[in-house]
1. Take Val59 and tell me if it is farther than 18 Å from Gln16 by Cα, in a helix (DSSP H, G or I) and open to solvent by less than 50 Å² (accessible area, probe 1.4 Å).
2. Could you grab me the full set of residues in the range 1-30 that are free of Cβ contacts under 8 Å to residues at least 40 places away in the same chain and either in a loop (DSSP other than H, G, I, E, B) or surrounded by 22 or more Cβ atoms within 10 Å (Cβ to Cβ) (or both)?
3. Among the numbered criteria (1) assigned to a loop (DSSP other than H, G, I, E, B); (2) modelled with pLDDT of 95 or more, which single criterion is violated by Arg46?
4. Please give the number of the condition Asn41 fails out of (1) within 11 Å of the chain's Cα centre (by Cα); (2) more than 29 Å from His103 (Cα to Cα).
Amino acid sequence: MDNKELINKALEASKQAWAPYSGFRVGAAVRLEDGTVVCGNNQENRAYPLGSCAERVAVNYARATYPTVPIVSIAVVSPDSETPVTPCGGCREVLMEAVRAQHGRDIRVIMADRTGNFRETMATELLPFAFRFK
């Protein structure tokens, strides 16, 4: 599966987002090393901090369901954005935690806009000064 296919899966997932407050729907698609793709979308809550970003939904579902299969990449997209969507700070920390759980194997992050234009980087580049514990 190439980047465009992963972006399309994330875009499809965004259609099921629950975003009645911001109106900003986001979808994420995680590709695992064995080829499995897990999707998630943002789930807002009137009590703002209780909502979940699409990236966290997808990464946490992947890690809970397939704990021994490394995450290779994640695509993040919004049908409501004209520019590539970037993970928030909390999601960057979640991605770094997944990198740690994978013994340092980095995760490719594909950030797309609604037309499929994208930028690509690695999780460690998104958060260069992440918390480091032994």
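1. Working: farther than 18 Å from Gln16 by Cα: no; in a helix (DSSP H, G or I): yes; open to solvent by less than 50 Å² (accessible area, probe 1.4 Å): yes.
Taking the combined requirement at face value, the residue does not satisfy it.
2. If the condition is that a residue be free of Cβ contacts under 8 Å to residues at least 40 places away in the same chain and either in a loop (DSSP other than H, G, I, E, B) or surrounded by 22 or more Cβ atoms within 10 Å (Cβ to Cβ) (or both), then Met1, Asp2, Gln16, Ala17, Ala19, Pro20, Tyr21, Ser22 are the ones that fit.
3. Every listed condition holds for Arg46 apart from (2).
4. That leaves (2) as the condition not met.
Yes/no per residue for (1) of a type in the set (A, V, I, L, M, F, W, C); (2) in contact with a Leu (Cβ under 8 Å, 6 or more places away or on another chain):
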| site | (1), (2) |
| --- | --- |
| Cys53 | yes, no |
| Tyr66 | no, yes |
| Val72 | yes, yes |
| Pro84 | no, no |
| Cys88 | yes, no |
| His103 | no, no |
| Met111 | yes, no |
| Ala123 | yes, yes |
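The values are calculated or read from the model by the stated rules, or taken from the named source; none is laboratory data. Keep in mind it's a predicted model, so treat the numbers as computed, not measured. Here the Cβ is made from the backbone with ideal geometry for all residues, glycine too, and neighbour counts use every protein chain on show. With ligands, DNA and RNA removed, areas are computed over all heavy atoms of the protein, side chains included. Shrake-Rupley method; radii C 1.70, N 1.55, O 1.52, S 1.80 Å.
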